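A short reminder: the numbers here are calculations on the coordinates, not readings from a lab. Quantities reported herein were computed from a predicted structural model and do not represent experimental measurements. Cβ atoms come from the backbone with ideal geometry, glycine included; neighbour counts cover every protein chain shown.
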Amino acid sequence: MAHRVKLGIAFCVVFAAGVAIGSVSTLRYTRPVPVQGVDSPPEKFSVQLLQRWIKLNQFKLTPDQFQKINPIIRDTAEDLRRLRSENLNSEQIILEHMQDEVADQLEPKQKKTFQDLMDRQRRMMDQFIEKQRLKALDQKAKLEASQPVS
């Protein structure tokens, strides 16, 4: 009997050690799974969510209500897009001013290196903006194609 108790305790200790080591290694070496499809700013998320609810008719809207609500959502999405564009332009001006001030503090060889790095960064940013623009146009086309024709 004493032998079985010792064996049971040993089994529980090994099991507990496995749980502890597994938990620690899981917490230390794993990363959270990224959420798919949420790559837009939070302020845009609420508009997209509302558009999805309307599209799926979660509110059981009448055709008249749909005709009144849909332009409100579309106008809000456009206002948010315009606001982001304005903010991007303001940010660009501020960054260019900072770059000019930094360049004034550099020697000619350093300025050349700095300018090359800035040109490379601008090209990368332009490519990113173009991808985002094309993605937005694609999403807009999909949204318009999915809306009922009246």
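For this structure, a couple of remarks:
- Computed label-point distance, nm, for sites L88 and T76 using a 7 Å Cα→Cβ extension: 2.2
- Net charge of Cβ neighbours under 12 Å - reference I94; Lys, Arg +1; Asp, Glu -1: -4
- The range 74-131 shape via C-alpha gyration tensor axes, a/c threshold 1.5: oblate
- Added length on full extension, which subtracts the Cα-Cα distance from 0.36 nm per residue, S25 to E144: 38.1 nm
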